[in-house]
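The values are calculated or read from the model by the stated rules, or taken from the named source; none is laboratory data. Just so it is clear, the model here is predicted, and its values are computed rather than measured. When we count neighbours, we look across all protein chains shown, and the Cβ atoms used for this are built from the backbone with ideal geometry, even at glycine.
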Amino acid sequence: MTVVTAERITTADQAVRIATELAEVFAAGAAERDLSRRLPHEELDQLSASGLLAITVPAEFGGADLPPSVVAEVVRILAAADPNIAQVPHSHFVYLNLLRLAGTRALQRDYFGKVLAGARIANAQSERGGATVADISTVLRPIGETGASDAERQHVASSRIVGGSTARRFVVEGTKYYCTGSLFADVLAVLTRLDDPQGISGLEPGEYVAFVPALEPGVRIVDDWDALGQRTTGSGTVEFAGVTVGPEQLVARAAAVNAPTGYGAFAQLLHAAIDAGIARGALEAAAEFVRTRSRPWFEAEVTHAVDDPLVVQRFGELAVAVAAAESTLIVAGAAVDAAVRAVAQDADPSVSGDSDGAQASIAVATAKILADRAANEVSAAIFEVGGTRSAAAEHRLDHFWRNARTHTLHDPVRWKYQHIGRAVLHNRPPPLHGVI
């Protein structure tokens with residue numbers, strides 16, 4: 001487990017203040033880390049030690065239980081400084097939310113306690129082999145007298161089992177890609193499909209998330225992430241070969257995803273926060289470059305580039321784009337807060353959370369569209385307003401665009417427009433699939 005002594009954050013103001021302080025530290029080396037692909041191990045230990053990774057732990061388990069809007073603001077602040085660091089805990093917060101919504105009391109007590117002590121959770125979710133990203137081939141197979149191969153039996157025999165039969169234990173087999181944060185993780189949240197045709201497990205068919213220690217035998221984390229941006233997020237491949245888990249490590253995903261719990265809206269809100277942060281960071285970097293390094297175009301007949309009326313105009317346009325992204329992020333955060341409160345106040349989210357959940361998803365879709373647009377536009381416009389000098393490699397301004405372009409590929413905004421349009425024209429709520 002991550003060896004840190006984690007602080008305890010108790011209020012939203014404290015969380016925002018600490019995020020702002022850390023952002024100043026992280027910003028100083030962001031471009032250099034990106035250029036050399038130096039993984040931010042030390043910085044993430046600082047993040048763990050700050051207590052920020054535990055701000056969503058429910059109060060009954062000793063956490064601050066801060067709402068999604070505060071988490072989004074923390075992520076936005078960090079992303080303006082270094083979007084790589086900001087993206088690493090995205091899955092951490094999402095899977096803590098899954099635990100809150102669908103985990104057993106024992107599992108909640110265990111993992112919330114680990115997170116309060118500084119542990120980090122990363123995702124092992126996406127695959128490449130299916131027809132779409134929604135096709136999951138990683139299997140969760142019960143091991144019993146009729147269901148185990150010789151290799152699986154041998155692995156079970158050598159694993160840490162405390163007495164009893166192996167009939168209620170499972171094996172995880174498969175390969176995951178784009179596993180953001182896996183190189184820094186203590187625990188991997190592995191999305192699996194139950195393979196139990198004989199029904200010996202007693203579990204309902206469907207998808208399950210298995211919480212697996214990153215150092216568990218059979219887990220292989222590969223540092224092979226080579227994208228053009230978000231280069232230090234540790235988003236490599238993870239292989240699972242005969243990894244054994246118990247039922248106490250499993251969470252059925254359906255309880256969170258197939259009901260209007262706000263699960264998908266919360267996850268998407270944090271993605272929007274990352275993009276809004278990139279846009280703000282790019283705008284500030286562009287302004288600083290023009291103030292200190294750019295020369296004015298001769299036809300402007302001014303002494304300084306900042307006085308060129310066309311440059312001033314462009315900065316006004318870019319500032320509006322960033323402000324719009326940040327404003328809709330605030331609105332979306334409030335909507336997700338309301339959806340979470342509705343679910344918390346009623347044991348059946350399908351009764352109380354339906355309207356709030358739909359509104360939250362539409363609000364987040366709107367924020368995601370504007371944040372995507374602002375991040376890509378402003379990060380590209382750095383060179384437009386900065387002039388030829390801004391393209392010099394020594395200034396490393398390209399990392400804003402590369403990070404924006406890479407992160408905004410996560411899920412297509414063209415489908416956000418579709419769901420918004422259907423809500424307006426047909427009063428149709430968005431689908432419950434966890435990605436809106």
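Evaluate the following for D348: is it under 22 Å from H426 (Cα atoms), modelled with pLDDT under 95 and surrounded by fewer than 24 Cβ atoms within 10 Å (Cβ to Cβ)? So D348 fails the test. Among residues of the stretch 167-188 being in contact with a Leu (Cβ under 7 Å, 6 or more places away or on another chain) and among the aromatic types (F, W, Y), the one that is surrounded by the fewest Cβ atoms within 10 Å (Cβ to Cβ) is F184. For the condition modelled with pLDDT of 95 or more, part of a strand (DSSP E or B) and of a type in the set (K, R), what is the one hit in R76, R141, R109, R100? So the residue among R76, R141, R109, R100 that is modelled with pLDDT of 95 or more, part of a strand (DSSP E or B) and of a type in the set (K, R) is R141. Taking the stretch 82-96 as the range and being more than 9 Å from the chain's Cα centre (by Cα) and either under 18 Å from G51 (Cβ atoms) or of a type in the set (S, T, Y) (or both) as the test, the residues that pass are I85, Y95, L96. Once the stretch 416-427 is narrowed to residues that are without any contact (Cβ under 8 Å) to a residue 24 or more places away in the chain and within 14 Å of A363 (Cα to Cα), the residue that is farthest from the chain's Cα centre (by Cα) is V424.
Of the residues making up the stretch 377-397, those that are surrounded by fewer than 21 Cβ atoms within 10 Å (Cβ to Cβ) and in a helix (DSSP H, G or I) are E377, A380, A381, F383, E384, T388, R389, S390, A391, A393, E394, H395. Of the residues making up the stretch 1-46, those that are of a type in the set (K, R), more than 26 Å from V57 (Cβ to Cβ) and surrounded by 13 or more Cβ atoms within 10 Å (Cβ to Cβ) are R33, R38.
Contact map, the stretch 317-337: first residue without any contact (Cβ under 8 Å) to a residue 12 or more places away in the chain and among the hydroxyl-bearing types (S, T, Y), second residue surrounded by 15 or more Cβ atoms within 10 Å (Cβ to Cβ) and assigned to a helix (DSSP H, G or I), Cβ cut-off under 9 Å, separation 6 or more or different chains; pairs are S327/A367; S327/L370. Residue-level check: of (1) part of a loop (DSSP other than H, G, I, E, B); (2) crowded, with 22+ Cβ neighbours inside 10 Å, P429 misses just (2).
Scanning the stretch 50-73 for residues that are of a type in the set (S, T, Y) and assigned to a helix (DSSP H, G or I), we see that the one that is surrounded by the fewest Cβ atoms within 10 Å (Cβ to Cβ) is S50. When the stretch 1-58 is filtered for residues that are assigned by TED's automatic domain parsing to the domain that holds P89, modelled with pLDDT under 95 and polar (S, T, N, Q), only S36 remains.
In the set E248, E288, only one residue is touching a residue at least 60 places away in the same chain (Cβ under 8 Å), surrounded by fewer than 16 Cβ atoms within 10 Å (Cβ to Cβ) and part of a helix (DSSP H, G or I); that residue is E248.
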